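Below you'll find the structure, written out as C-alpha cells, and then a few comments.
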Amino acid sequence: MFNAQVSVSSLTCSCDAAESLRRAARIAAFVLFTAVGAQLAVRLPWTPVPVTMQTLFVVLAGVVLGPRDGFRAMTAYLCLGAVGAPVFAGFAFGPAAFVGPTGGYLVAFPAAALLSGAVARARPGRGGVFIAALAGSAAILAGGTLHLGLWAGRVSASVVALAVTPFIAGELLKGVLAAALAGGNRKAARPGS
C-alpha cells in the first residue's frame, strides 16, 4: 500500500511539473509573438509612436493565457527588453525605451494583459473577447497618453491627437481580429493563470 501511495504521489508531481512547463512555454510563446509584432510597424509622420501589431498580442496574452499569466508574459517581455534584447519596435531595447515616447505604452502592457484577461473571463465568446481587447487597448493608450503628457508638460488635446487618435481604427481592427482568433473556441483559462 505504501508503494502505491508513493507512485500516485510521484505521478501527481510529474503532472504538476508538466503543467508548469506547458504554462511556461505558453508564456514564452506570447513573449515571442509580442516581440515579432513589435517589428511589424508603420511609422506615421505626425506622431513619434509607431503603429505596431504588438498590442494585438498583448491583449491576446490576457485572453488566451488568462489574466495572471498574460500579466507574467508581458512583464517578462518588458524585462527582456530592459536587459538588452532588441524586442521593442524598431529593434529598440534597454532602459531608454521606457523614457522615450513609447515608454508609457510599454509600461501599460502588463496591466492591459491583466485587464483583457479578466474581462474575457467574465464575458465569454467573441463579443467578450472584442470588449476585452478594447479594454486592454484603452489601458495601453491611457498609459501612452499620460507618458506623452509628461513629455509635453500636460495632457492636452494635442497630446491626445498624437497618443490616441492615430491608433483608434487599428485597435478596433485588432479587437475584431482578437475575437476571430480567440473568441470562438477559447477554453477558459485556469483559475491560477
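The values are calculated or read from the model by the stated rules, or taken from the named source; none is laboratory data. Everything numeric here is computed off the predicted structure, so don't read it as measured data. Glycine also receives a Cβ, built like all others from the backbone with ideal geometry; neighbour counts cover every protein chain displayed. With ligands, DNA and RNA removed, areas are computed over all heavy atoms of the protein, side chains included. Shrake-Rupley method; radii C 1.70, N 1.55, O 1.52, S 1.80 Å.
Could you list the square roots of 5 times each eigenvalue of the Cα gyration tensor of the chain, that is, the equivalent ellipsoid semi-axes, sorted largest first and rounded to whole Å?
35, 19, 13
Mind jotting down the three principal axis lengths of the range 59-162 based on Cα atoms? Whole angstrom, largest first.
Largest to smallest, the principal-axis extents are 40, 34, 19 Å.
Could you order PHE91, PHE167 so the one with the most accessible surface comes first? Probe is 1.4 Å.
PHE91, PHE167
Helix 67-82 sits at what angle to the longest principal axis of the chain, using alpha carbons and giving 0 to 90 degrees rounded to 10?
Helix 67-82 sits at roughly 60 degrees to that axis.
So, with a 1.4 angstrom probe, what is the percent of accessible area on the chain that is carbon and sulfur?
Heavy-atom surface of the chain belonging to carbon and sulfur, 1.4 Å probe: 73 percent.
Once label points are set 7 Å from the Cα along Cα→Cβ at both THR75 and PHE91, what is their separation, rounded to one decimal in nm?
Each label point lies 7 Å from its Cα, and together they span 3.0 nm.
Suppose the chain between ALA152 and LEU44 were pulled fully straight at 0.36 nm per residue; how much longer would it get relative to their current alpha carbon spacing?
Result for the pair: 37.0 nm of gain on full extension.
For the range 42-105, what does the accessible surface come to per residue with a 1.4 Å probe? Please give it in Å².
That works out to 41 Å² per residue.
Heavy-atom accessible area of MET53 with all protein chains present, probe 1.4 Å, nearest 10 Å²?
60 Å²
Would you kindly find the accessible area of CYS15, with a 1.4 Å probe and non-protein molecules such as ligands, DNA and RNA excluded, rounding to the nearest 10 Å²?
70 Å²
Please turn the phi angles of the range 160-171 into ³J(HN,Hα) values with the Karplus equation 6.51 cos²θ - 1.76 cosθ + 1.60 (θ = phi - 60°), one per residue in order, whole Hz, x for glycine and proline.
Coupling constants for the range 160-171: 4, 5, 8, 9, 10, 3, x, 10, 4, 4, x, 5 Hz.
How much accessible area does ARG22 have with a 1.4 Å probe, in Å² rounded to the nearest 10?
120 Å²
Taking the Cβ of MET53 as the center, what net charge do the other residues with Cβ under 12 Å away carry, scoring Lys and Arg +1 and Asp and Glu -1?
0
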